[in-house]
Amino acid sequence: MSSAVLQHEPQPIVACTVSRDVQIFDLLIEDMEAALGEQWGDLSFDDAIPFLAQPDAASLKFLTIAMDHEDEDRLALISQIIAGAKAQGIKVILITEDVSPAALHNLLREGGDEFVPYPLPESELARAIERVLTPKEVMDVDPVEGEAPRKKKIGGGKNGVIMPVHGLSGGIGATTMAVNLAWELATLEKVDAPKVCLLDFDFQFGTTATYLDLPRRETVVELLTDTESMDSESFMQAMTTYEDTLHVLTAPFDMIPLDLVGPDDIQRIMDLAASHFDYVVIDMPSTMVEWSQTVLDAAHVYFGMIELDMRSAQNTLRLKRALQAEDLPFEKIRFVLNRAPGFTDLNGKSRVKRLADSLGISIEVLMPDGGKPVAQNADHGLPLGAGLPKNALRKEIAKLAKSVHEVGAAEAVEG
């Protein structure tokens with residue numbers, strides 16, 4: 001009797017990278033091999049759409065689309081790739097380096113499921129893969145006796161854009177920016193307006209409730225201390241609404257330690273918020289804590305508020321050194337200069353340029369000084385759009401909100 005040699009069939013490809021040249025993203029190659037072994041392939045932008053139409057694509061679970069600033073002129077093609085993947089139920093993870101916020105927002109609105117900055121933070125790709133492949137449902141651990149276990153839904157089906165606002169020194173206007181950016185986004189459209197929530201993560205001295213004249217609920221502390229049992233119902237009950245338009249998770253009624261919550265707690269809150277809202281604006285504490293990295297990694301756009309003064313410059317350098325020492329994505333921060341020099345200040349532009357050059361950063365947004373009326377309006381518990389609609393600061397925040405939402409608005413008009 002002759003013996004037969006057993007032949008092992010090759011394992012199916014479950015994922016593909018899509019890029020201009022994957023060799024540019026060497027860390028991505030390493031992380032894909034660590035996560036999937038040999039069960040992944042590589043495609044160019046031009047080959048991706050034809051491949052998705054082939055039978056071999058049936059085994060794909062997700063695509064990892066890697067791009068940098070040189071690929072921004074191919075956004076239309078990349079959007080088509082995302083659309084083709086979503087049509088077949090394939091998840092999409094975006095890996096971007098030096099890509100503009102508008103381009104990134106465009107791709108997320110087209111259907112990107114996760115975003116990870118490049119260079120890749122340690123283990124972040126593995127966590128992103130786990131998130132896109134894990135259904136947003138958990139089993140109820142206490143089913144009624146004699147009944148089958150019930151599923152408790154903890155996701156709302158959305159994939160919201162996470163935008164933290166971090167003031168790099170006290171009194172710099174970060175809360176004003178966060179509150180009014182959230183309000184402008186929530187009121188951009190009269191019909192089919194985006195759903196927006198504002199999370200106050202300054203658990204000790206957060207003032208979003210004051211700025212909007214909202215009550216602070218005791219259920220916020222209950223939520224923060226037991227996020228493992230949090231579901232959609234308890235999350236929404238802990239929130240307060242302003243004018244039935246903007247949902248706000250206020251800071252607790254009493255001061256609590258910043259380390260009462262950990263990175264896992266913060267991640268659960270952000271994941272749940274992003275699954276229920278189109279935009280999640282986060283008012284961050286100026287202090288860096290254990291879970292600050294969690295927010296930075298999850299953010300689609302991370303706004304850093306500074307002023308044209310020495311304290312902002314020194315704190316920016318401190319933050320830059322701290323993040324770079326831990327190989328964290330400092331370049332992900334989009335700097336906003338508050339109380340920027342007006343157009344009549346002939347030396348204003350050169351002063352801003354000197355500040356940016358000396359710090360090695362790019363200042364992408366300039367916000368004018370709204371004057372004393374801004375603080376007085378906040379004391380009355382009103383957003384600028386309601387109390388000071390013609391204020392220069394309000395107009396600039398409205399422009400920023402419109403630019404963030406412009407892709408979604410265009411899609412709504414086309415639809």
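Miscellaneous remarks
- Total residues in the range 22-45, condition touching a residue at least 12 places away in the same chain (Cβ under 8 Å) and of a type in the set (D, E, K, R): 3
- Candidates V295, V336, V352, V281, filtered to the one that is closer than 15 Å to A178 by Cβ, assigned to a helix (DSSP H, G or I), touching a residue at least 12 places away in the same chain (Cβ under 8 Å) and not assigned by TED's automatic domain parsing to the domain that holds D113: V295
- Pairs where the first residue, in the range 114-134, is within 18 Å of S275 (Cβ to Cβ) and the second is part of a loop (DSSP other than H, G, I, E, B) and acidic (D, E), C-beta under 7 Å, 6+ apart: V132/D113
- Residue selected from the range 98-107 under the condition more than 13 Å from A76 (Cα to Cα) and surrounded by 17 or more Cβ atoms within 10 Å (Cβ to Cβ), by the criterion farthest from the chain's Cα centre (by Cα): V99
- Positions within the range 339-349 being assigned to a helix (DSSP H, G or I) and over 21 Å from R394 (Cβ atoms), in sequence order: K349
- Failed condition for D327, given (1) surrounded by 17 or more Cβ atoms within 10 Å (Cβ to Cβ); (2) within 23 Å of D68 (Cβ to Cβ): (1)
- Matching residues, the range 285-324, being farther than 17 Å from D200 by Cα and crowded, with 16+ Cβ neighbours inside 10 Å: D297, H300, I306, E307, L308, S312, A313, N315, T316, L319, K320, L323
- In the range 241-253, the residues that are closer than 16 Å to F205 by Cβ reach residues that are aromatic (F, W, Y) and not in a strand (DSSP E or B) with C-beta atoms within less than 7 angstrom, at least six apart or across chains, in these pairs: A251/F203; P252/F203.
The values are calculated or read from the model by the stated rules, or taken from the named source; none is laboratory data. Small disclaimer: the values here were computed from a predicted structure and weren't measured. No Cβ is skipped: glycine too gets one built from the backbone with ideal geometry, and neighbour counts run over all protein chains shown.
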